[in-house]
Amino acid sequence: MAATRKGIQLESKTTPPPLESGRWDTVETISRDELFELQARRLRWQVERCSASATLYRRKLTEAGAEPGDIRSPDDLVRLPVVTKEELREDQAVSPPFGSFAVAPEADWREVHPSTGTTGRPVNTIWTAADVLTITDFTARTLVQAGVRPGDVLQNAFAYGLWVAGMSCHYAASKLGCLVVPTGAAVSSDKQIEFLLAAGSSALCATPSYALHIGEVLTARGISPDELSLRIGLFGGEPGAENPATRTAIESALGLSAHDYYGLAEVGPTFASECEAKEGLHFAEDHVLVEALDPISRAPVADGELGVLVFTHLTREGTPVLRYWSNDYARLSRKPCSCGRTHARAVGGIVGRHDDLIIFKGAKFYPSQVEKVIRSHADVSSEFVIEVARRNEEGVVGKCTVVAEHAGPADATIGEELRRALRAELGVGVDVRLEALGTLERTTFKAKRIVSS
Ligand SMILES: [Zn+2]
């Protein structure tokens, strides 16, 4: 069936590939040329409707000296300035409650989801009735991509409610033909384990920190992963699943194949996952156009180079973003993956968030690098925080201490080994403090890794 929406022909699959092929939609393997044409057609529709109704985007086009008709294909996007979260927030303050970029007719609005920012007011996003269907469809694709199949029992430990991923994964797993166990993130790890055992859950969605905690509790209770039925896990909400040490820790604790999962409230919810080849996060590029830009010049960087991910909604009706500056750093590849999919990948996952960059004694590093060291060290637990003093806007800190936990009995040599490994990874010497196991706070949502000392 094909649905017509106000000028855009949204081709939904007429002949879905058999799921044994490992794919949900034939669009996943179309040639880059065909994909480009599809993106161009959808982009023209989106730019046209945004410039007609959203003051925010009309102003941006005018400032850039461009007409909506100048943006004909993804190649023309460089003419359009990026939009930041702050600008979306300001637009919603000026045109409350959802901003001038809420361009769909009010009668079509179905769900509101705010971003979960730790600073400032959230940006509220709207999903229309058609958005809910589209999101459900491409999220089902991301689940299949990772190996989830009809008949799987999917335990959804992503937060439900306002957070976007809980809802999208629930809808998608249901559409795919799974039995959903909607535990959410508001229950204890013990409760999650009860359901993993009782329902025979074969797939799990959670943040990597939550998955590690569930694994820790399993070990403490003397339950072997062999007693669970888990086969596949999708871990998102924070980077980590593509960190080799974290992946190994999750896989061995839970006895499953761990896949990275990505989304963000303003764009997402869940539009990129690792396929079975695990060669990077595949984006649903027919719905969300992805670019990587230089953080200073904001010019596109070559594939393989580290850049800030910038997203453009091609099919979103409710609150579309055009060139949204995500603050997330990654390396893109548009080479076909060994799985046969042609859509762009973030190889190695999300390297870090611009907001999390730490500059200490001239060295720059991300919490993900500390995580890599901590989680490859057998004598410490998987938990850690980075205590920083006097952190300024640019991320420069005056003092930096990595706090970790002994996995077993305290041993003075462990701290020294860790200090050496951290210096090698970060390029700068940081202080290390080791606490007893269980001292650091465990989280079921997103772990806060940087704290002020
Ligand atoms: Zn692939």
(request) Using only Cα positions of the stretch 205-297, each an equal point scatterer, no hydration layer, compute I(q)/I(0) via Debye at q = 0.12, 0.15, 0.18, 0.22 Å⁻¹ and quote the log10 values to two decimals. (result) -0.43, -0.62, -0.81, -1.07
(request) Would you mind checking the tilt of helix 189-199 against the longest principal axis of the Cα atoms of the chain, expressed as 0 to 90 degrees and rounded to 10? (result) 70 degrees
(request) In whole angstrom, note down how far apart the Cα centers of the stretch 323-344 and the stretch 347-363 are. (result) 19 Å
(request) Among DSSP beta bridges lying fully in the chain, give the percent that are antiparallel, nearest 5. (result) 65 percent
(request) Please name whichever of Ser202, Val380, Leu426 sits farthest to the positive end of the charge dipole of the chain, dipole taken about the Cα centre and charges placed at Cβ: Lys and Arg +1, Asp and Glu -1. (result) Leu426
(request) Using a/c under 1.5 as the rounded threshold, could you call the stretch 101-190 rounded, prolate or oblate? The axes a ≥ b ≥ c are square roots of the C-alpha gyration tensor eigenvalues, and prolate needs a/b larger than b/c, oblate otherwise. (result) oblate
(message) Once you place label points 7 Å from the Cα toward the Cβ at Ala107 and Leu437, how far apart are they in nm?
(response) 6.2 nm
(request) Calculate how large, on average over all directions, the projected area of the Cα convex hull of the stretch 357-452 is; give the answer in nm² to one decimal. (result) 5.9 nm²
(request) Using the Kirkwood radius over Cα pairs, work out the Stokes-Einstein diffusion coefficient for the stretch 52-143 at 4 °C and 1.567 mPa s, in µm²/s as a whole number. (result) 86 µm²/s
(request) Please determine, in degrees from 0 to 90 and to the nearest 10, the orientation of helix 85-94 with respect to the longest principal axis defined by the Cα atoms of the chain, where the helix direction is its Cα long axis. (result) 60 degrees
(message) Tell me the net charge near Pro122. Cut-off is 10 Å between Cβ atoms, Pro122 excluded, with +1 for each Lys or Arg and -1 for each Asp or Glu.
(response) +2
(request) Report the charge-dipole magnitude of the chain in Debye, nearest 20, computed about the Cα centre from +1 at each Lys and Arg Cβ and -1 at each Asp and Glu Cβ. (result) 500 debye
(request) Assign one of three labels to the stretch 1-354, namely rounded, prolate or oblate, based on the Cα gyration tensor with a ≥ b ≥ c the square roots of its eigenvalues; rounded applies when a/c is under 1.5, prolate when it is not and a/b is larger than b/c, and oblate otherwise. (result) prolate
(request) Might you report the magnitude of the Cβ-based charge dipole of the stretch 272-374 about its Cα centre, with Lys and Arg at +1 and Asp and Glu at -1, to the nearest 20 debye? (result) 240 debye
(message) Taking every alpha carbon pair in the stretch 212-370, what does the distance histogram look like in 5 angstrom bins from 0, in percent?
(response) 2, 9, 16, 19, 19, 14, 10, 7, 4, 1, 0
(message) Quick check: net charge around Asp431, other residues with Cβ under 10 Å of its Cβ, Lys/Arg +1 and Asp/Glu -1?
(response) +2
(request) Kindly flag which residue pairs out of Lys60/Lys446; Lys85/Lys278; Lys85/Lys175; Lys175/Lys335; Lys278/Lys372 have an alpha-carbon separation exceeding 22 Å in this structure. (result) Lys60/Lys446; Lys85/Lys278; Lys85/Lys175; Lys175/Lys335
(message) Using amide H atoms built in the peptide plane, which far-off residues or other-chain residues are under 5 Å from Leu204 H to H?
(response) Gln155, Ile232, Gly233, Leu234
(message) Tell me the mean residue ellipticity at 222 nm calculated for the chain from its helices only (DSSP H runs of n ≥ 4, each -39500 (n - 2.57), averaged over every residue, nearest 500).
(response) -9000 deg cm²/dmol
(request) Can you tell me the order of 246-254, 291-299 when each peptide is scored by its average per-residue count of other Cβ atoms within 10 angstrom, highest first? (result) 246-254, 291-299
(request) Just add up the charged neighbours of Glu238: K/R +1, D/E -1, any other residue whose Cβ is under 13 Å from the Cβ of Glu238. (result) -2
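No value in this document is a laboratory result; all are computed from the given coordinates. From a predicted model like this one, the values you see are computed outputs, not experimental measurements. Don't worry about glycine lacking a Cβ; one is built from the backbone with ideal geometry, like all the others, and counts go over all protein chains shown.
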